[in-house]
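None of the figures in this text is laboratory data; all of them are computed from the coordinates on show. Keep in mind the model is a prediction, meaning the values are calculated, not measured.
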Amino acid sequence: MRTMNRLEQPFRGASSLQEQINRIFGDGLGRTGEESNLTPWAPAVDIYETENELVVKADLPDVNPQDLDIRVENNVLTIRGERKFEAKVHDDNYLRIERAYGSFSRSFQLANSVKAEGIRADYENGVLTLSIQKCEEAKPKQIKVNVGSEKTLEAKGLSKAA
């Protein structure tokens, strides 16, 4: 019986390579519906800054806002909750299950320039928005630039109007 050498089997390791790539990047292409259901999930989050506040937006569709636990401890903002699997439909009736379910937790280190006690949380259309006020010293301040002649007049105690 003749055995094939490596050159005659160019795609011999392709499936294991694909599995390794899927594991590295967490790609769901290689997972069955049951496996993807068991994997932990974390909601997508955008964080941006305005002049007066830091804003955190988290996508939380089908999460009951009353079940959210939002807290700040040691300058770490943590959002916890759970997306529950709908029991309205019998498991046998599902053709595909791609959405992740279960508990989640996201934590973010806050700068010392925000007021942890002044967080406002709003939930609308499946999006949680946290608005965190900045401390006064962290807000930008306008500094007036004096031009040569203005500075000289002010130093002499005179104003331009005089």
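At 0.36 nm per residue, minus the direct Cα-Cα distance, what do residue 68 and residue 55 gain on full extension? Give it in nm, one decimal, please. Spell out each step's value before the answer.
On the way: separation 13, 0.36 × 13 = 4.68 nm, distance 1.74 nm.
Taking residue 68 through residue 55 to full extension adds about 2.9 nm, to one decimal.
Once you have the Cα-Cα distance between residue 47 and residue 89, take 0.36 nm times their residue separation minus that, and quote the gain in nm to one decimal.
Numbers: separation 42, 0.36 × 42 = 15.12 nm, distance 3.54 nm.
Contour length minus the Cα-Cα distance gives 11.6 nm.
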